[in-house]
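Beneath this line is the structure, given in structure tokens, with notes to follow.
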Amino acid sequence: RRKLILDLDTGIDDAMAIAYALGAPDVDLIGIIGSYGNVIVEEGGKNSLKILELLGATDVPVYLGESHASQTDHFDRLPVSANIHGENGIGGVQLPEAKRPLETTSGVDFLIDAVNQYGKDLTLVPTGPLTNLAAAIKKDPDLPTKIGNVTIMGGALTVPGNVTPYAEANIHQDAEAANAVFTSPIRLTMVGLDVTLRNILTKKETQEWRNLKTKAGTDFADIVDYYIDAYADFDATLHGCVLHDPLAVGVALDPTLITSFDLNMIVSTDKESYGRTIGDTTRINQPDANITVGLTSDSKRYLETFMNYLTKLFKQN
Ligand code: BDR
Ligand code: CA
């Protein structure tokens, strides 16, 4: 079974990423690392524990990663996230406190140890800022060539950003960290807004979860309906929410869900275009481009797979 680590700022779509990973066959979710963004790091970690408990996965450890961007010293939370994900990050739904604590080892050290233990058999999916991965690379410079699959939710190449005209939220949180990762020897798949915006979930699907009449089905429907309503405030034509983070897990497990092309990239740290993910002109003619950029997706097949995995899990919980 494939070893998987999620690095999340949990967050409603991050919670769906957990459910997708738990519902997928042949996946061994060996741990979750907490990040900051949708909520501060401790709250995100606690949300992950609560979601795991709701889904019957009480054996997956949750570690806390970095609490703020690499170049700052204040605790970060994206200002708009309270509107999109709710004050508590999970749509205001009050899940019971988890019965077990967060791990005391740091998320960055957990990641380094896992890479050294599992090497190419390890898949990492960060769906928050890239601060933890950049910190791990700084501590263990050979990590980029030792790790197996890295698939991130973040960035935007062919469409505008969602927090500024240039930048997507996760990359914008810590562009210096993202740039360090992108320009390292790592091979990475970028599931950015280019592909995530093509994958929408509506209340038709959350109603199917509600109809299961289980605690997990009802709680997830409540959590995700909050997200769908929040999206409606931004874009009434969508009639649903964007499946950003669970799509990254889907692509990590099945790369045929997207079309892509390979590019050497940088992340801008300039004031105006801070967080922009763009081709590196100085490496444009190098044949060994390291970033696989998702461009289109088989959204029908993805949504079917997403619903199969989550519904199976919600039926049992
Ligand atoms: C990303 O930003 C966060 O709010 C979401 O969880 C997702 O990871 C989308 O830009
Ligand atoms: Ca996220």
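The values are calculated or read from the model by the stated rules, or taken from the named source; none is laboratory data. Please read these numbers as outputs of a predicted model, since none were measured by experiment. Quick reminder, even Gly has a Cβ in these numbers, built from the backbone with ideal geometry, and neighbours come from all protein chains shown.
Does the range 22-32 contain at least one residue that is at pLDDT 95 or above, in contact with a helix residue (DSSP H, G or I) (Cβ under 8 Å, 6 or more places away or on another chain) and near ligand 1 (Cβ under 10 Å from one of its atoms)?
Within the range 22-32, none of the residues are at pLDDT 95 or above, in contact with a helix residue (DSSP H, G or I) (Cβ under 8 Å, 6 or more places away or on another chain) and near ligand 1 (Cβ under 10 Å from one of its atoms).
Restricting to the range 1-36, give me the number of residues that are among the charged types (D, E, K, R) and in a helix (DSSP H, G or I). Reasoning before the result, please.
Filtering the range 1-36 down to residues among the charged types (D, E, K, R) leaves 1-3, 7, 9, 13-14, 26, 28.
Retained after the next criterion (residues that are in a helix (DSSP H, G or I)): 13-14.
Final tally of qualifying residues: 2.
Residues to consider are GLY37, GLY44; find the one that is at pLDDT below 95 and within 14 Å of ligand 1 (Cβ to nearest atom).
Answer to the selection: GLY37.
Suppose we filter the range 237-279 for residues that are crowded, with 18+ Cβ neighbours inside 10 Å and of a type in the set (Val, Ile, Thr); how many remain?
Residues flagged as crowded, with 18+ Cβ neighbours inside 10 Å and of a type in the set (Val, Ile, Thr) within the range 237-279 amount to 7.
Mind checking whether some residue in the range 216-236 is in contact (Cβ under 8 Å) with a residue 40 or more places away in the chain, surrounded by fewer than 23 Cβ atoms within 10 Å (Cβ to Cβ) and of a type in the set (Val, Ile, Thr)?
Taking every residue of the range 216-236 in turn, none turns out to be in contact (Cβ under 8 Å) with a residue 40 or more places away in the chain, surrounded by fewer than 23 Cβ atoms within 10 Å (Cβ to Cβ) and of a type in the set (Val, Ile, Thr).
Just checking, how many residues over the range 54-69 are surrounded by fewer than 22 Cβ atoms within 10 Å (Cβ to Cβ) and not in a loop (DSSP other than H, G, I, E, B)?
Summing the residues that are surrounded by fewer than 22 Cβ atoms within 10 Å (Cβ to Cβ) and not in a loop (DSSP other than H, G, I, E, B) in the range 54-69 gives 0.
How do the pairs read when you match residues in the range 37-49 that are under 16 Å from LEU130 (Cα atoms) and assigned to a helix (DSSP H, G or I) with residues anywhere that are at pLDDT below 95 and away from ligand 2 (no atom under 13 Å from the Cβ), using Cβ under 6 Å and keeping only pairs 6 or more apart or on different chains?
VAL41/SER67
What are the residues in the range 96-141 that are polar (S, T, N, Q) and under 17 Å from ASP9 (Cβ atoms), if any?
Those that are polar (S, T, N, Q) and under 17 Å from ASP9 (Cβ atoms): SER106, THR127, THR131, ASN132.
Within the range 1-49, can you find the residues that are of a type outside the set (A, V, I, L, M, F, W, C) and surrounded by fewer than 24 Cβ atoms within 10 Å (Cβ to Cβ)?
In the first step, residues of the range 1-49 are kept if they are of a type outside the set (A, V, I, L, M, F, W, C); the result is 1-3, 7, 9-11, 13-14, 20, 23, 25-26, 28, 31, 34-38, 42-48.
Within the range 1-49, ARG1, ARG2, LYS3, GLY23, PRO25, ASP26, ASP28, GLY31, GLU42, GLU43, LYS46 qualify.
Would you call ILE112 away from ligand 1 (no atom under 16 Å from the Cβ), in a helix (DSSP H, G or I), out of contact with any strand residue (DSSP E or B) (no Cβ under 8 Å at 6 or more places or on another chain) and under 26 Å from GLY275 (Cα atoms)?
For ILE112, the condition - away from ligand 1 (no atom under 16 Å from the Cβ), in a helix (DSSP H, G or I), out of contact with any strand residue (DSSP E or B) (no Cβ under 8 Å at 6 or more places or on another chain) and under 26 Å from GLY275 (Cα atoms) - is met.
Please count how many residues of the range 132-149 are within 16 Å of ligand 2 (Cβ to nearest atom) and surrounded by fewer than 23 Cβ atoms within 10 Å (Cβ to Cβ).
So the count comes out to 0.
Just to confirm my filter: which strands (runs of 3 or more DSSP E) fall fully inside the range 212-279 and include at least 3 residues that are at pLDDT 95 or above and aliphatic (A, V, I, L, M)?
265-267
Picking from THR105, THR131, which residue would you name as being in contact (Cβ under 8 Å) with a residue 40 or more places away in the chain and either within 26 Å of ASP26 (Cβ to Cβ) or away from ligand 1 (no atom under 16 Å from the Cβ) (or both)?
Testing whether each residue is in contact (Cβ under 8 Å) with a residue 40 or more places away in the chain and either within 26 Å of ASP26 (Cβ to Cβ) or away from ligand 1 (no atom under 16 Å from the Cβ) (or both) leaves just THR105.
In this structure, does THR72 turn out to be in a loop (DSSP other than H, G, I, E, B) and without any contact (Cβ under 8 Å) to a residue 12 or more places away in the chain?
Working: in a loop (DSSP other than H, G, I, E, B): yes; without any contact (Cβ under 8 Å) to a residue 12 or more places away in the chain: yes.
Yes, satisfied.
Provide a single number: the residues in the range 155-197 that are within 11 Å of ligand 1 (Cβ to nearest atom) and not polar (S, T, N, Q).
13
Only residues that are touching a strand residue (DSSP E or B) at 6+ places or on another chain (Cβ under 9 Å), more than 9 Å from ligand 2 (Cβ to nearest atom) and not β-branched (Val, Ile, Thr): list them for the range 21-43, please.
Once the filter is applied, which keeps residues that are touching a strand residue (DSSP E or B) at 6+ places or on another chain (Cβ under 9 Å), more than 9 Å from ligand 2 (Cβ to nearest atom) and not β-branched (Val, Ile, Thr), the range 21-43 yields ALA21, LEU22, ALA24, ASP26, ASP28, LEU29, GLY31, GLY34, TYR36, GLU42, GLU43.
Those residues that are surrounded by fewer than 19 Cβ atoms within 10 Å (Cβ to Cβ) and either within 11 Å of ligand 1 (Cβ to nearest atom) or under 26 Å from LEU133 (Cβ atoms) (or both), I need them from the range 89-101; list them, please.
Within the range 89-101, ARG100, PRO101 meet the criteria.
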